[in-house]
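One structure below.
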Amino acid sequence: RECDFRDPAFAADYLPGQFAGYKKERAVLFYLDGDGSLLHRQTAMSSEEDAVQLSMRTVLETAKKVGASALVIAHNHPNGIAKPSGADLTATARMREELQKEGLSLLEHYIIAGDACVPILGNENPL
């Protein structure tokens, strides 16, 4: 299957395997060009079970460096609950706003728990 991170079916097939076996939260950022092609992949690890911190400065610098126009983010919930937390929703809204200020799009933020892959932006509870 073609690598299209904008496609929820691709994300559901691909992303859970990227987090298998991790007992602590981690986030993976996919930097995409205007056609949705992958330019760069960046992983942020956490020393905590239930949180991962992303530096917006680093995200923006990386996006500029690789020439990205959009991002897709995925992070795992090691507790097995594939439901966005309040902190997930707040962080997603903040990131989308910061990216938009720089002319970038946040296409999706996926929560991964086991084999489940839940989109936040495509969820019934939009930000």
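The values are calculated or read from the model by the stated rules, or taken from the named source; none is laboratory data. Keep in mind the model is a prediction, meaning the values are calculated, not measured. Here the Cβ is made from the backbone with ideal geometry for all residues, glycine too, and neighbour counts use every protein chain on show. With ligands, DNA and RNA removed, areas are computed over all heavy atoms of the protein, side chains included. Shrake-Rupley method; radii C 1.70, N 1.55, O 1.52, S 1.80 Å.
Here are some notes:
- Within the chain, percent of DSSP bridges classed antiparallel, to nearest 5: 70 percent
- Among (i) 15.6; (ii) 14.0; (iii) 14.5, the entry that matches Kirkwood radius over Cα pairs in Å as calculated here: (iii)
- Calculated FRET efficiency for the pair SER105/TYR22, C-beta based, R₀ 22 Å, to 0.05: 0.20
- With helices as the sole contributors, the chain gives -9500 deg cm²/dmol at 222 nm; each DSSP H run of n ≥ 4 counts as -39500 (n - 2.57), and the sum is divided by every residue.
- Per-atom-type breakdown for the chain gives carbon and sulfur 46% of the accessible area (1.4 Å probe, protein chains only).
- Whole-number accessible area per residue in Å² for the chain, which is evaluated in the context of all protein chains at 1.4 Å: 56 Å²
- Principal-axis tilt of helix 56-66 within the chain, Cα atoms, nearest 10 degrees: 50 degrees
- A simple spin-label model places pseudo-atoms 7 Å from Cα toward Cβ; at ASP88 and ALA9 they are separated by 2.4 nm.
- Estimated FRET transfer efficiency (THR43, ASN79; beta-carbon r; R0 25 Å; 0.05): 0.80
- C-alpha long axis of helix 8-18 to longest principal axis of the chain, angle in °: 70 degrees
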